[in-house]
Every structure is written in structure tokens, then in C-alpha cells.
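The values are calculated or read from the model by the stated rules, or taken from the named source; none is laboratory data. Only a predicted model underlies this, so the values are computations on that prediction, with no experimental measurement involved. Note that each Cβ is placed from the backbone with ideal geometry, even for glycine, and that neighbours are counted across all protein chains shown. For the accessible areas, the whole protein counts, side chains as well, though only heavy atoms, and no ligand, DNA or RNA atoms are used. Shrake-Rupley method; radii C 1.70, N 1.55, O 1.52, S 1.80 Å.
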Amino acid sequence: MHLSPKDLRRFFSGIVIPSILAIILFIASMYIFIIPSFENNIMNKKREMIRELVNTTWNLVEDFNQDYKEGLLSLEEAQQHAMNKIESIRYGDENKDYFWIIDLYPRMIMHPYRIDLNGTELTNYKDQAGKALFVVAVDTVQKSGEGFIDYMWQWKDDSTKIVPKLSYVKLYKEWNWIIGTGIYIEDVKEEISSLENRLLKIAFIIIGIISIIILYIIKQSLDIERRRKDIQDKLKASRRKYQSLVEASIDGTLLVVDDKIIFSNITFNNMYGSSASYVLLQKFDDIFEIKWNNVLLKVKEAGKSVSIDTRIKTANKTYRDVVLSISKAFFGKQAGYIIIVKDLNQVKLVEKETEQLSNEVQTSLLLMNQPIQHFSKEIISCEINSSIANAVQIMTRKNSDVIFVSQDSNLIGIITDHDLKTRVLATQRDISSSVSNIMTAPIIAVNENILLYEAILQFNNRKISHLAVTNSEGKISGVISNYDIFEMQRNSISFLVREVEHAETVHQIEKITQRLPVLIKALIDSGARTQNITRIITSLTDAITKRLIALAIEKIGNPPSGFAFIAVGSEGRMEQTLATDQDNAIIIENVHQENLDVFKRYFLELGSRISDSLNDLGFKYCNGKVMASNPRWVLSLDEWKKQFHTWIVNSDPKSIMEAGIFFDFRCIYGSQELTKELQNYIFQISANKAAFFQHLANPIIKYKSAINLFGNIVGDTKEDNQNVLDIKKIIFPITSFIRIYAIRNKIEETNSLLRLEKLNSINQVKKNLYNEINVSYNYLMLMRFRFQTNQLLKKKDPDNLVNIDELTDIEKTTLKKIISEISNLQTQLNFDFKGNL
């Protein structure tokens, strides 16, 4: 029920606006007048307090000096007694506030908490902000004998916490002593904060009362208008509702009222081949082969949907098979019809491809995602002095196509059926000769915990048919063959990687990558771990990038020098999702300057070709232009070192925020040595750089929770949609937290979970926090993958946005718990980095 515009204007101008203005003026008066007045009063009282305390202490020194003048004490004894007495004085709520004494040199005479400074010359001593506070104290008393100074100092007896402080200093001229004590600004802020909280509570109570009154008045107004506008508003609301459904539908959709088409969405307009205005001029019978009267006979009851196969006559006079899904609805008391139009050929094609690929994936993918220890066979071996004939007999008896050669109980070589064909039969070698003449050594082995698809990649990369399998102790415990698992690989990631490696055009690669969403969905449905999913996406993306580089080099010629094509950001961390844009760069090996400019032209062309091809494949251009096509990110090794030196040594918050993704880089193609050297350089120059780590930590510490005052999840997108949440923004503080500690502890891995495991193993991240981060990260990533795969399968562009209303109560509760746990990361960063400048 809605008021008319005229009534709304009268209501708002007479009641709502004055009420809101009164509230705003009340709140403004608190912040403009009341709170500043209280703040000034509190500060003045604090200033007066420390001035009186210093004067009292000054009089105490005067008493001891009087004892010296009267001959009761020597000068040294009088000064020592004065120092001892002042050193023992404490005041304040915690009895931790104190006095200190310096001379005019300045030199520390006495400090109760900083004993290390006693007797120390303080001319060059500066606080965290670079202020020579003791020199300022001397200047102050020399000008006026006493006064206030502000600076940064440790919190009472806690040397790890640095906060602002205001001190009062006074000169005792006869001894050239400066006596001082101070207050912590944090204490004043706490008092002000307490006052603000009390005032805000009062304001909210007043606002609540006024809001209740306004709501009551609105209710009364609505009751008066309800009978007059009820039928009209229901009709309008109903039409808007169904029109919104039509607009939002991803299928072709029509809205029919009084046998007229009153609305068609963009999808249908494209299907029909004309504009919306033209469609609205047509009758139903002009567009479809089936007659509207026949449709009405089938659609009798509201709420029930009827499907009809027919053909659409497009604007260009062609026919297409379609399925109509027709539902009857009421707009007030007026009947209407919602007609959903689906292209039958496209529907059947998509359903068939999806079902076929899903079935193929479900049967093979679960196996591809398992450790190879479940598929290895037992070892068959013979001694090194055995004859070839003896080895063949053992292989025949055991029905094996492979045999290992041992010496002193250690396996040192391997012989396969292929070896017997090529090294014995083809060369007519004497079968009585030793197996050592035909064995392959050393043995290529992999750990039993690697996944089956990773083993297949090893087979393809090394051009071998068998792999030895080692157990947790590093001993060979079994063998796996390429032939045994060949049938399992047809739809696994390794098969897709192999197809990419043999692709000759970008178009061929694009067809291969279109199978990835279904592959990922099957993994999610089977309960695969996040790390396995990201490893699979990374394997395919790396293969695509490598192949694109190889194709580009074939066209523009061999590179003029060594280089490394690196991935940064999520790809650098091996954490790509299905909505990741491209972030990459190039490191050129160091060459003479006269050659570097020429070489850069080559690598910029190479980078541009790769970036364009990746964009064509769906890896969109980076909005921040962090790509190898940008001259800013195609640099020599020395130039990259200079760039990281600027970011780390001369860091500022803005540049660090922009450069954050560059600290997650790895080599995709080219020289691993270049990336290794650059990484070691970063570890070297970042050591003990407190400002750098604080700037890295600041965006996380300032992260704003997506949970409001009432404990509800609220949207955080640029569109300010309260129902849409950007999961990437929630993952950001987690990956950034891990990155900071990985750099500080010189951890070479770039993947967040691998970094986290290393941090936990060296006790930099406690077990409880490790478990919380691990579970939170995996849950958020799986949520991203689930929404993205559903978007892709619906032919939509994937993103990182999640509609909160589509989450179950359990999912919302879990998400709230994860978001609240981020505060623990902020607390640790505050403790470890905030006070280190």
C-alpha cells in the first residue's frame, strides 16, 4: 500500500523532515559543542594536574637543596636523596605513572622504567615520529622555565606499546635539573569515548521514540488510504512483479494481457531478431505457429505451467524450434500469461553436452583426485648379476611388464617390456648377458601421496611408461604404469593439459577450456578439497600460458635473452578461481643498457600477444593493467630489484596497497633462477623493516566487517546492494595475513595454504589459529567455486558476488563465524606490527 506523491510530500514536509532535522541538530550539537567542550575541560584538568604534581616534586628538590645549604647534607647526598625519593613516587589509577629527571646537556639523570637511559647523553635520542623530545624539553625550560611538550613514548612500564604522551617539564636552576611527568593521550581518549557512548545511547533512545511515533502516524495514514487504493495498487504491483520476473529471466520471456503482448525481454528480442517496440506491435499468432486460442484451451488453471512444442517465425522469416512454458497469473482481478520461450535445439544441445561430460567426469574424476598409493602394484625385482633371460622368466611368471634391478638390497635400475623390445630383440643382444646392460638408471620415483593426475603429468613430461612409488620413509614400495591408468585419464585434468600442449591455435585451446566448469563442479560435488581444485585450475592455466608463449615465440622468433614470465596475485599463489583476471609480468636477465631497450621491445610484443590471447580465452585484462603488455612491468632483474627496494625501504601505505599482489609471484615459463634470485633479494631487504610490514598490515587492520550492529551480514559491493556480498573481499584479509608472515619468515612457497602449513610448523601461527584459518579459507573458496560454476553453466560471466538471500541459515551462520574470526587476525597484526614503527 503506497501513499500518493502529493500525500507523501505533505507528510514528509510536515512531520518526517522536521523530526529528522531535530535529530540531526541534536546529534550535531553533541559533536560540535558538547563533546569538544568536555574534551577541552578534561585536557585542561589533566594539564593542571601534571603541572601541580611537577611543582610538588620541584618543592621536594628544593627541600633537599635547603638541607645542603644548611650543611645537613653534602651536594651529592642531597641530589642522591632527591633522586631516590622522586624515583619511588607513583600515582595514577594503576599506580604506574612516574617522574623523570634530565639535565640541560641533556643527559638522563633518572628514569624509573627506562633504567637503560640513566646517565646517557640524549641529544640524538628521538621518538618514533623522529622528534628529539629531550632537546625540545631543554629548549622549553630555557625559554620560559617550564612548559608542556608532546611526543611518543612507551605505555607506562610496557616497552612494546608506543603511544602519544603530553608532559610538563620545569627547570630547577640551582642544580640544572629538568623535572618532568606526563599523561597519556590514550587515557583522555578513553574518557571521551566513554562520554560519546553514553550520549549516543541517549540519542538512540530519542531516535527510537521519534521513530515509533512516525511509524504510528504512517500506519494511521495507510489505514485511511487502503480502501480507496487497494484494488488499483494490487493491480500495479502485480504487473510490476511479473514484469520484473520477465526482465530478470535469462530465457526468452513474454508477458501477455488481454491477448496482447505488453512486454518482452532482451533475450526474446534477440531470438526473434527485432527490437522490443516491434515485438509489442505483433500478435501472438504472428510470431508462433500455434494459435493463441489453442494455447488458452491448454492453460486453464492459475499457478500451473504448461509446456508446448512449436516453432517461432522470426523477423527475418526463418523458423526455429522452440518450447513454450506458459503460466497463468492474475494482476489484481485481471488475467495474464507469462510465456517462457526456449530454443529447443540449444536446450537439447546444452543438456546433452552437460549430461555426457558430467557422466564422463564423474566416473573418472574421483579417481584422478586420489593419491597414487591406491593404484600402485607390488615390486618385482632381480639381482644385478641376473641374466636377461632370468629377468624375462620372472616377468612372465609374475605377469608383469616391469622388473626392478637390485644390488645389496637397494633398487638401482628398472627394465620394461619396451626395453626388452628395443634393447634386446631389436639389437639381437645375447639374453645370457647381465641385466645391467639394458636397465634404465637412476630410477624415477614419486611420493605415494601425489594425486593420480599429477603422476600422469610426470609420465607425459618425462616420456616414460613407469614410475616407482616411494612411501613416507622414502623407500620404493610400489610401481605404477602409464598403461594401467590410461583409461582413467580420458577426462581428467592431465588429458586436458596434454590437449593444450598439442593445440596449434587459440581457438583449439578455447574449446578445451570450456570443459573446465563441469570438471570443477564434479570436484565440488564429490567433496574435493579446495587445494586440489586450485591445483587443477593452476595446472591447466599454466599449461595454457606456456602453450601461448610457445606459439607466440614461433611467430615472432626466439627471445634475445633469458627471461622469466611470472604470474602474480591469485595466479601467483596458485589460487585462481573461475573469475580471475590475468596478472602477469616479465623479468629479463641483466644485459647492457644499450641492448636492454631493444630487448624490451621484443618482450613487450611477446607480452601483448600473450595478454590478448588470454583475454580471448576468458582471462580478462587486468583493470589495474598489471600485465606483461605494460612497459611498467617488463623489466630487467636489476630494475625489478630497484622497484622492490622502493616498495620496501621507502614504503608508503598507498604504494604498498597497489604493489601487494607483486609479493606473490612465481615463474610460469623461462628461467626459474631469475625468480629465485629476486625472491631472495626481497627476503634480504625486507628483514627488520618495521614500517614496511606495518604498511602491509594496515589494510587488514582497517578491514571493515560485513556484519552490522544487529549481527546480520550486509552487502559490501560498489553498487551498495545490501543483499550481495563480495567473497573475494572476505578472503583478502586471510591471504594478506598469511603473506605478511610468510615474507617476514622467508617462506618460499607462494600458495596460501602451503605458507600457512610452514608458519604453523615453525610455530609462527599457533595450532588453533591455523585450524581456524584453514577451515575458513577452504569454506570461502568452495563457496566461490560453487557460485561461479553455476554462473558459467547458466551462460553467465562468473564473478565473486554471492546473493545473501540464496544462502541457507547454516551457510549464513558459518559465514558470520568466519567474518568474526577475522578480528583475531587483526588483533595479532596489531600486536606484532602496529607499535613497531
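Which three lengths, in whole Å and largest first, does the stretch 622-664 cover when its Cα atoms are put on their principal axes?
Dimensions of the stretch 622-664 along the principal axes of its Cα atoms: 27, 25, 16 Å.
Between ILE444 and LYS767, what is the spin-label point distance in nm, taking each point 7 Å from the Cα along the Cα→C-beta axis?
Output for this residue pair reads 4.0 nm.
What order do you get for 305-318, 44-57, 163-176 when each peptide is scored by the mean count of other beta carbon atoms within 10 Å, highest first?
So the peptides 305-318, 44-57, 163-176, ranked by packing, come out 163-176, 44-57, 305-318.
Among 274-280, 769-775, what's the highest-first ranking by average C-beta atoms within 10 angstrom per residue?
769-775, 274-280
Provide the FRET efficiency to the nearest 0.05 for the VAL306-THR813 pair, computing r from the beta carbons and using R0 = 35 Å.
Computed FRET efficiency for VAL306 and THR813 comes out at 0.30.
Within the set of other residues whose C-beta is less than 13 Å from the C-beta of VAL136, count the net charge using Lys and Arg as +1 and Asp and Glu as -1.
Charge balance in the 13 Å sphere: +1.
Determine which residues of the stretch 432-447 fall in the zone a paramagnetic label at ALA389 would reach in this model, i.e. backbone nitrogen under 12 Å from the point 7 Å along Cα→Cβ.
Under cut-off, by backbone N: 432-434.
What does the net charge come to around LYS45 if you take all other residues with beta carbon closer than 12 Å to its beta carbon, with K and R at +1 and D and E at -1?
Within the 12 Å Cβ shell, the charges total -2.
THR427 versus ASP638, label points 7 Å from Cα toward the beta carbon: distance in nm?
About 5.1 nm, to one decimal.
For the stretch 575-701, with all protein chains present and a 1.4 Å probe, just round the carbon and sulfur fraction of the accessible area to a whole percent.
Answer for the stretch 575-701 is 49 percent, counting heavy atoms of protein chains only.
If I stretch the segment between ALA28 and GLU821 completely, what's the gain in nm (0.36 nm per residue apart, minus their alpha carbon distance), one decimal?
Once the chain is fully extended between ALA28 and GLU821, it gains 282.0 nm.
Taking the mean number of other Cβ atoms within 10 Å as a proxy for protection, how do you rank 448-454, 622-628 from highest to lowest?
448-454, 622-628
Find out how many positive minus negative residues lie around SER686, taking Lys and Arg as positive, Asp and Glu as negative, among other residues whose Cβ is under 12 Å from that of SER686.
Taking every Cβ under 12 Å from that of SER686, the sum is +4.
How high is the relative contact order of the stretch 393-432, in percent, counting Cα pairs under 8 Å that sit 6 or more residues apart?
Relative contact order for the stretch 393-432 comes out at 24 percent.
I'd like the distance separating the alpha-carbon centroids of the stretch 126-198 and the stretch 542-607, in whole Å.
55
Can you tell me the relative contact order of the stretch 382-485? Whole percent, Cα pairs under 8 Å, sequence separation 6 or more.
About 22 percent, as a whole number.
For SER37 and ASN623, FRET efficiency with R0 = 56 Å and r from the beta-carbon atoms, rounded to 0.05?
E(calc), rounded to 0.05, equals 0.75.
Calculate, for the chain, the solvent-accessible area per residue in square angstrom, rolling a 1.4 angstrom probe over the heavy atoms of the protein chains.
Value returned for the chain: 52 Å² of accessible area per residue.
Among [x] 34.8; [y] 31.0; [z] 30.0, which is the computed Kirkwood radius over Cα pairs in Å?
[x]
Just need the relative contact order of the stretch 533-613 here, percent rounded to a whole number, with Cα pairs under 8 Å and 6+ apart.
38
Let me have the 222 nm mean residue ellipticity of the chain computed from DSSP H runs of 4+ only, each contributing -39500 (n - 2.57), with the sum over all residues rounded to the nearest 500.
Only helices count here, giving -16500 deg cm²/dmol.
Nearest 0.05, what FRET efficiency do LEU297 and ILE213 give at R0 = 41 Å with Cβ-Cβ as r?
0.15
Under a cut-off of 23 Å between alpha-carbon atoms, report the lysines in cross-link reach of LYS398, not counting same-chain residues fewer than 8 places apart.
Of all the lysines, those that pass the test against LYS398 - Cα under 23 Å, at least 8 places apart if same chain - are LYS377, LYS421, LYS475.
For a label point 7 angstrom out from the Cα of ARG462 toward its Cβ, which stretches of the stretch 416-446 have the backbone nitrogen within less than 19 Å?
Those under the cut-off are 416-420, 438-446.
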